[in-house]
Amino acid sequence: MTGLPVNSPGEAVWASAAAGLAPEACGRVLVLGGGYTGSRFAAALTALGIATTVSQRQASNPAGPAEAGGPSQLYFDPATGARPSRQDLEGITHVLVTIPPDAAGRDPVLDHLGDLLAELPLQWLGYLSTTGVYGDTGGAWVDESSATVPGLGRSRSRLACERAWRERNLPLQVFRLPAIYGPGRTPFNDLRQGRARLIHKPGQVFCRIHVDDIVGALLHNLARPAAGRPDTLILADAYPCSSSETLGYAAHLLGCKLPELQPYDRIAATMSPMARSFWSENRRVSSALLRQGLGYRLRYPSFREGYRASLSAPDQPAAGAELNGPSGPEASRPLNQER
Ligand SMILES: NC(=O)c1ccc[n+]([C@@H]2O[C@H](COP(=O)([O-])OP(=O)(O)OC[C@H]3O[C@@H](n4cnc5c(N)ncnc54)[C@H](OP(=O)(O)O)[C@@H]3O)[C@@H](O)[C@H]2O)c1
C-alpha cells in the first residue's frame, strides 16, 4: 500500500457521494489492485468507516505494513503465486477489480481468484474497464448502448475479459473509463521540465475522468439499491477536447510557455507504435447516464476544474511516472490517454 493518497478528500467530501451508504450495510470491501484508482477508492472507503482490504503485488510493495487506520493489505501476485486464502477473504461482501488484463490478454483475477470470489456472499463486484472497447468512431459520441467494436488488441482483450466476467454468476457492474487523471497525473511536471509535446491532429479529441470522480461515482452506485445499478456504466467528464487544449490550459495555470506546435502527421513516424495507437482512435464518450440518469454530480465537469485542483495538490511521482516519462515508449502519448 502506498499510503493514503496525498490530498485525498476526507470523509466530508465523500459523505455526499455516498449519501445513503451505511457502513454496516457494506460489510467488508476488497479492492483488487492498490494502484492509482484502487488506493484512492480504498482511502475514501476507509474515511467513511467502511472496512477495506487492498491487494498489492509483493514485489512492488517495499513500504511495509499498512498504515494505522488505513485499509488492510493482502498479497495477490499471480507471477509469484501469492494469493489470498478463503480465510483471508472472510466477510468480504463487495469487490472492486482495478487490475487490467495481463500480457496474454487474460484476466488475472478471474484466472486465479475467480472460483474463490464465487464462494463469497458478494453483493457487488465492480470491474474497471475502458472505453477503448468502443473503438474508433471518427469523433462521434458513444454511450452504454453503442456497439463495442474494439480496434486495438488491448481493447479486444479488455472486451473479452468483460465478457468472461459477465459469464460468471456475480452481481457485476462494469465501469468503462476514458483516460484517468488527477494529482500526479497531469501535464504540470512535463511542462515544468520542458519535455511536454504540443501535438495537433485536426478533429482529434480525447476524453477523461478525474480519479476522484471515479471514486465518487463508485460510491454513488454503491449507495443505490442493487436493482438501480446499471450493469454497464461509462464514467467520464462532460468535456471531450483536444490534448492541445488541455496542455494550453495547464501552461496558462503554470504561467509557462507552450512548446512549439507539432502537426501529428509530421511526427507520427517518429512515435512508438504504442504512442501512435493512442492517436489512432477518436471518440466522444457520454456520461449522460451517470449524470442525468443516476443523478451523479461531477466534482470536475471538465479538465479545467480538475487541473486547478490538481495544481494545489502535491505531485505523486510514483503514480504519474508511467505517463510522464520523457523518453519511454509512451513519450508521445497524449497525457492521461486511456489504455
Ligand atoms: N490509467 C488510465 O488512464 C486508464 C484508462 C482507462 C482504463 N483504465 C483501467 O482502469 C483500471 C485502473 O487504472 P489505474 O490507472 O488506477 O491503474 P494502476 O494505477 O496501474 O493500478 C493497477 C493495479 O493493478 C495491479 N496489477 C496490475 N497487473 C496485475 C497483475 N497481473 N496481478 C496483480 N496485480 C496487478 C497493479 O499493481 P502494481 O502497482 O504492482 O503494478 C496496480 O495496483 C485499470 O484496469 C486500467 O487498465 C485506466
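Below, the figures for the structure above:
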quantity	calculated
Condition check for Ala227: in a helix (DSSP H, G or I), more than 30 Å from Arg297 (Cα to Cα) and free of Cβ contacts under 8 Å to residues at least 12 places away in the same chain	no
Residue match in the stretch 127-142 (condition: in contact (Cβ under 8 Å) with a residue 24 or more places away in the chain, of a type in the set (S, T, N, Q) and farther than 22 Å from Thr37 by Cα)	yes
Which listed residue, of Ala42, Ala59, Ala66, is at pLDDT below 95, within 13 Å of the ligand (Cβ to nearest atom) and either crowded, with 22+ Cβ neighbours inside 10 Å or over 15 Å from Leu219 (Cβ atoms) (or both)	Ala59
Cβ pairs under 6 Å, 6+ apart, first in the stretch 272-291 and assigned to a loop (DSSP other than H, G, I, E, B), second of a type in the set (A, V, I, L, M, F, W, C)	Arg283/Val142; Ser286/Trp141; Ser287/Ile234; Ser287/Ala236
Pairs with Cβ under 6 Å, 6+ apart, first in the stretch 168-195 and within 8 Å of the ligand (Cβ to nearest atom), second charged (D, E, K, R) and modelled with pLDDT under 95	Pro178/Glu338; Ala179/Glu338
Residue match in the stretch 169-185 (condition: over 30 Å from Lys257 (Cβ atoms) and either assigned to a helix (DSSP H, G or I) or among the basic types (Lys, Arg) (or both))	yes
All positions within the stretch 83-109 that are more than 9 Å from the ligand (Cβ to nearest atom) and of a type in the set (A, V, I, L, M, F, W, C)	Leu89, Ile92, Val95, Leu96, Ala104
Some residue of the stretch 131-139 being crowded, with 21+ Cβ neighbours inside 10 Å, under 20 Å from the mean Cα position of the chain (by Cα) and within 9 Å of the ligand (Cβ to nearest atom)	yes
Among the candidates Asp231, Asp265, residue that is within 21 Å of the chain's Cα centre (by Cα) and surrounded by fewer than 16 Cβ atoms within 10 Å (Cβ to Cβ)	Asp231
Selection within the stretch 243-262 - within 19 Å of Val205 (Cα to Cα), touching a Lys or Arg at 6+ places or on another chain (Cβ under 8 Å) and outside any helix (DSSP H, G or I)	Gln262
Lone qualifier among Pro84, Pro100 - being under 18 Å from the mean Cα position of the chain (by Cα), surrounded by 17 or more Cβ atoms within 10 Å (Cβ to Cβ) and either part of a loop (DSSP other than H, G, I, E, B) or modelled with pLDDT under 95 (or both)	Pro100
Close pairs (9 angstrom Cβ cut-off, 6 or more residues apart or separate chains): over 21 Å from Leu247 (Cα atoms) in the stretch 292-318, among the acidic types (Asp, Glu) and at pLDDT 90 or above anywhere	Tyr296/Asp213; Leu298/Asp213; Leu298/Asp237; Leu298/Glu305
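The values are calculated or read from the model by the stated rules, or taken from the named source; none is laboratory data. Just so it is clear, the structure is predicted and the values come from calculations on it, not from any experiment. Positions of Cβ are generated from backbone atoms using ideal geometry, with glycine treated the same way; all protein chains shown enter the neighbour counts.
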